[in-house]
Amino acid sequence: SLLYELTGDDRILGVFRNAVRETMDEAEPEMKARVRKSGAAEDRTTGNMVYATFIHRTSRPSKEDLKPDPQLHAHVC
């Protein structure tokens, strides 16, 4: 996070994005759907997932000085 913030080197961001994508690709085969039919419920593996990735470069501002710290991270919904 700090190196990316100091240099702005897009290769770091590219590696980060690839790591997030690889993580989601690994999770996708395990996706399931709950199927309810005739009073019964079961989980069926679908192996399909739809998600959105939101990349942030900083943490939330601290309460003391109201300044955020560098923190490259992703929220995946």
Reference-scaled alpha-carbon Rg (2.2 N^0.38 Å with N residues) for the chain: 1.62
Förster radius 25 Å - calculated FRET efficiency between GLU26 and VAL50, Cβ distance, rounded to 0.05: 0.95
Any chymotrypsin sites (Phe, Trp or Tyr not before Pro) in the chain that lie in a DSSP loop and have at most 11 other Cβ atoms within 10 Å would be TYR51
Add -39500 (n - 2.57) for each DSSP H run of 4 or more in the chain, then divide by its residues: what number comes out at 222 nm, to the nearest 500 deg cm²/dmol? -9500 deg cm²/dmol
For the chain, calculate the relative contact order in percent as a whole number, restricting contacts to Cα pairs under 8 Å that are 6 or more residues apart. 25 percent
Within the stretch 34-77, which residues have the backbone N less than 20 Å from the label spot 7 Å out from ASP9 along Cα→beta-carbon, could you tell me? 56-58, 70-74
For the chain, with only Lys/Arg (+1) and Asp/Glu (-1) charged at the beta-carbon, what is the dipole magnitude about the Cα centre, in debye rounded to 20? 440 debye
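Every number in this text was worked out from the coordinates using simple rules, so none of it is lab data. A quick note: this is a predicted structure, and the numbers were derived from the prediction, not measured. We place every Cβ from the backbone using ideal geometry, glycine too, and count neighbours over all the protein chains shown.
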